[in-house]
Amino acid sequence: MRMFITYLFMLMVVAVYADNYVKDPEPAILEAHYTRIQITDTTQRHTHFFKDPVMLRVGATKSLFCGVKRLWKDSLAAVNPSLEFEIYIATLEENKKNGTHNLSGGHYWSYIYKNYPDGCLTERNYFDGERRIYEEEWEKPQWEVTDSVKNIIGYDCFKAIAPYRGRIWTAWFAPEIPVQDGPWKLCGLPGLILEAYDTNHEYSFTATGLWQNGIPDVGDMAYDDKRGVRKQHRNKYFNDWWRYKNSNFGAKMNALYGNGKMPEKKDTAPKYDLEETNYPHDL
């Protein structure tokens, strides 16, 4: 009950103060929420996965995609760091008591901006003890639309397929919602993408709800600026992230959140890759 009340308070804090930390804001016209599932060990996919609520906030010229829990956590840390730390400690205690591996900020920590700055795709993240950012030219998938149709949260959606950033992606888009955007970095179809997954189903996004009223502005969530951010080239950014994820990442996260000891040796057998795989891999 205490955790539930705390999260309600956190939501109110975010609603009141989030706009104070948005750079270059513009009114949002749509917010879509999804469930993101990520397989963390392809040899044990039925038991080793992360499941997180994520959201896409769309404006007239740009959009933001991020984890819902991560946005709450960062918003709260910016306006009430003591309460954010209290929730962090409570999560540790809950993990120790129940043998769980929950994170107060969820498992999806990226902030992805399409067309911000103009013509660019920008990603912010935090891993291996550093806050990081990279920018690149905004590259859209080249989709092939099929005749397949299915209904997702009340909308008739059409199926499209495209190779994108090292994987083959399937997307289901709703022409009834005239927004050429979607979860993660997927976009460029004549309707909002409500479901997407790669060929191996290592990553998937499924819409759970849409909002058009009472949405905060869309812009750069500049929570990290005062703490220092390391700007990297895309290849270096993803190589560092991949090495961190596959260097006993699970054991490290368990140790950080109250379960077990920090591992001394890295695991040299990669268990999985990132959403995008077209970057230099070097363990």
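With the largest listed first and rounded to whole Å, the semi-axes of the equivalent ellipsoid of segment 71-142 from the Cα gyration tensor are 32, 14, 10. Summing Lys and Arg as +1 and Asp and Glu as -1 over all other residues whose Cβ lies under 9 Å from the Cβ of residue 84 gives a net charge of -1. Cross-link pairs exceeding 26 Å between alpha carbons, from the set 51/114; 51/231; 51/97: 51/231.
Qualifying GluC sites (Glu not before Pro) in segment 94-195, where qualification requires a DSSP coil assignment and no more than 12 other C-beta atoms within 10 Å, comprise 139, 176. Scaling the Cα radius of gyration of segment 126-175 by the globular reference 2.2 N^0.38 Å produces a ratio of 1.63.
Bear in mind these aren't lab numbers, they're just calculated from the coordinates by the rules spelled out. Just so you know, these numbers come straight off a predicted model, no measurement behind them. Counting neighbours? That spans all protein chains shown, and the Cβs are built from the backbone with ideal geometry, glycine included.
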